[in-house]
Structures are given as structure tokens and as C-alpha cells.
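Here's the structure, in C-alpha cells; my notes come after.
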Amino acid sequence: MSISFGSSVFSPTFLSTPTSSASQSASASLTTKPTNSAVQQFLEFANMTPAQRLHAEMLSELGLTEDQYKAMSPADQQKVDDKIRDLVKKQADETNNKRAGLITDISA
């Protein structure tokens, strides 16, 4: 059994009897921090609180980054926060209107 990734092939025999250069490169890759920006972005996102994720999502909907937001004056930040609050309210209202069983007769 072998699995091919691009130009390299991994097989059980390769994994059980590594050469000295392969084991050195494998141990070096395990001890270094990931430098891939996608991995870093994922880890930053995974470490966010739900409120931070929501804030980042709303900023991206407004076409802003966190760095741009932090560079704004407090008055501009307040305007952005007001827009975010309005977006969240709008999304909550749209979600509430679509719930099943929303219209019920409670007069009886």
C-alpha cells in the first residue's frame, strides 16, 4: 500500500525504516513552528472567542481588517461598532422570522 502526494511516495516500509537523513528532516519538521500562513490564520481563528469571531466576521463584511479597525480614531471605531450592531440585529431578526412554529395560536 502506498499513498502518493505530489512527487513523494509514502509506504509502510518507508515509515518503519527511515534513513538517517529522513529521520533528521522529520524530527526537524516536528520541532519547528508552522510557517504556513494558512495554518497560522487557522490557529488564530481557532483561538478566538465566539465574540471575537463574530466581530472579525462583521469587519470582513464591511471590508475591513482588524488592523484597519485598530488604526481608526475612536469616533470612527464607534461608527463601525454601530454598523456591526445593526448587522447583528438584522441577522437575528431574519433568523427569528424563519423559525418553524413561530406563528402559533396562544389565545385558547
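Bear in mind these aren't lab numbers, they're just calculated from the coordinates by the rules spelled out. Quick caveat, the model's predicted, so the values are computed rather than measured. Glycine gets a Cβ as well: all are built from the backbone with ideal geometry, and neighbour counts include every protein chain shown.
The residues VAL80, VAL88, VAL39, when put in order of fewest to most other Cβ atoms within 10 Å, stand as VAL39, VAL88, VAL80.
Here is the result for the stretch 37-90: no chymotrypsin sites (Phe, Trp or Tyr not before Pro) lie in DSSP coil with at most 13 other C-beta atoms within 10 angstrom of their C-beta. Under the simplified labelling scheme, the PHE42-LYS70 pair shows an inter-label distance of 2.4 nm, with each label point 7 Å from Cα along Cα→Cβ.
Taking the inverse of the mean 1/r over every pair of distinct Cα atoms in the stretch 50-97 gives a Kirkwood hydrodynamic radius of 11.2 Å.
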